[in-house]
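Contents: one structure, followed by commentary.
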Amino acid sequence: MGEELVSCLKDYETKDNVSVQWFSKNRGLAIVLNDLLDICFKEGYKYIARMDADDISMPERLKKQMAYLLAHPEIDVVGGAIEEIDENSESRGKMIVYPEGSKECYEFFARRNPHAHPAVLFRKSFFDKAGCKYRPEYRQNQDTMLWVDGMSKGTKHANIPDVVLRFRFTNALFKKRRNGWAFAKKQLKDRKKINKTLGYGFGATVFGYMMFIVLVSPAWVKKIAYKVFR
């Protein structure tokens, strides 16, 4: 963590309504997220927002998502649309919209994640229904497997159509996340597990193999596929 960010966090830590949690070493995202969830549960928080340090939340994100949850008490987690930005926080000209209703989120998950993970607001009821938190054995796809665990236990999902987050996506991140046979094989294995657990049909299996082929293809093929399927 850079000195500038540390200084910023220490400034916020002096405020009465802000608690900063410091960890001495990197133990993996899922483990740290679970530690933070335990703190939230202990403090009795009913709503838990998720985002990453390098993204930018829109000013009224939480207001809009809270309003949605208050108006729809049956929903356990709500996300929203995201706008991609580059390393200079300039728009990449791409907005990604996710399905709004719970049924549509389930159907969409046969191909892709139903939410942008850094853009969601949970009710605590999500974790109560799912009966679990993030799977610590997953170094990647922690969110994907959380959606599987939740949906298999009846959690209800939704997204609002508004852009709630500016998501930082760089070429370096693209290469880091989508390279190698090992990554492709892991993605296919997880997709098979998702399809079996949630009862998706033959079409979802075919799509999983199509994505495997894309992931082991040259970079220019992956970039085209990303623009089409993202």
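So, how do all the Cα-to-Cα distances of region 1-59 break down into 5 Å bins, in percent, from 0 on up?
4, 13, 21, 28, 25, 9, 1
Need the C-alpha centroid separation for region 183-208 versus region 1-76, integer Å.
31
Putting +1 on Lys and Arg Cβ atoms and -1 on Asp and Glu Cβ atoms, find which of Pro99, Gly44, Ser57 reaches farthest to the positive end of the dipole of region 33-100.
Most positive-ward Cα: Gly44.
Filter the GluC sites (Glu not before Pro) in region 40-105 down to the DSSP loop ones having no more than 10 other Cβ atoms within 10 Å, then list what survives.
Glu74, Glu90
Neighbour counts of other C-beta atoms within 10 Å: give me Ile75, Ile213 arranged from fewest to most.
Least to most surrounded, the residues fall as Ile213, Ile75.
Sort Leu121, Leu146, Leu215, Leu5 so the one with the fewest other Cβ atoms within 10 Å of its own Cβ comes first. Could the numbers behind the result be given before it?
Values: Leu121 24, Leu146 27, Leu215 21, Leu5 11.
In order of increasing Cβ crowding within 10 Å: Leu5, Leu215, Leu121, Leu146.
Report the charge-dipole magnitude of region 69-137 in Debye, nearest 20, computed about the Cα centre from +1 at each Lys and Arg Cβ and -1 at each Asp and Glu Cβ.
Computed about the Cα centre, the dipole is about 340 debye.
With the contact rule set at Cα under 8 Å and sequence spacing of 6 or more, what percent relative contact order holds for the chain?
Working: 296 pairs, mean separation 53.8, N = 230.
RCO, the chain: 23 percent.
Looking at the chain, send over the antiparallel percent of its DSSP beta bridges, to the nearest 5.
Bridges in the chain are about 55 percent antiparallel.
Placing +1 at every Lys and Arg Cβ and -1 at every Asp and Glu Cβ, with all other atoms neutral, what dipole size does the chain have around its Cα centre, in debye to the nearest 20?
For this selection, approximately 1220 debye.
Could you sort out which of Lys129/Lys186; Lys42/Lys124; Lys64/Lys103; Lys64/Lys196 sit more than 23 Å apart by Cα distance in this structure?
Over 23 Å apart, Cα to Cα: Lys129/Lys186; Lys64/Lys196.
For region 10-122, what percent of Cα pairs sit more than 18 Å apart?
Values: 3945 of 6328 pairs.
The calculated P(r) of region 10-122 puts 62 percent of pairs beyond 18 Å.
Taking amide hydrogens as modeled 1.01 Å from N in the peptide plane, which residues meet the under 5 Å criterion relative to Arg92, leaving out close sequence neighbours?
The answer is Glu84, Ile85, Asp86.
Which loop-located trypsin sites (Lys or Arg not before Pro) does region 22-65 contain, where loop means any DSSP state but H, G, I, E or B and the Cβ has at most 14 other Cβ atoms within 10 Å?
Lys25, Arg27, Lys46
Under the rule of at least 5 residues apart or a separate chain, name every residue whose amide H is placed under 5 Å from the amide H of Leu165.
Met58, Glu83
Across the chain, what fraction of all alpha-carbon pairs, as a whole percent, falls in each successive 10 Å bin from zero upward?
7, 29, 39, 21, 4, 0
With loop defined by DSSP as not H, G, I, E or B, and exposure as at most 14 other Cβ atoms within 10 Å, which is the longest segment of the chain clear of exposed chymotrypsin sites (Phe, Trp or Tyr not before Pro)? Numbers along the way, then the final one.
Details: sites that count: Trp22, Phe23, Tyr45.
Between the exposed loop sites, the longest stretch runs 46-230.
How large, in Å, is region 93-192 by the Kirkwood hydrodynamic radius built from its alpha-carbon pairs?
14.9
All of the numbers you see were taken from the coordinates with simple rules; none came from a lab. Everything numeric in this text was worked out from a predicted model, so none of it was measured. Neighbour counts are summed over all protein chains in view; Cβ atoms, including those assigned to glycine, are modelled from backbone coordinates with ideal geometry.
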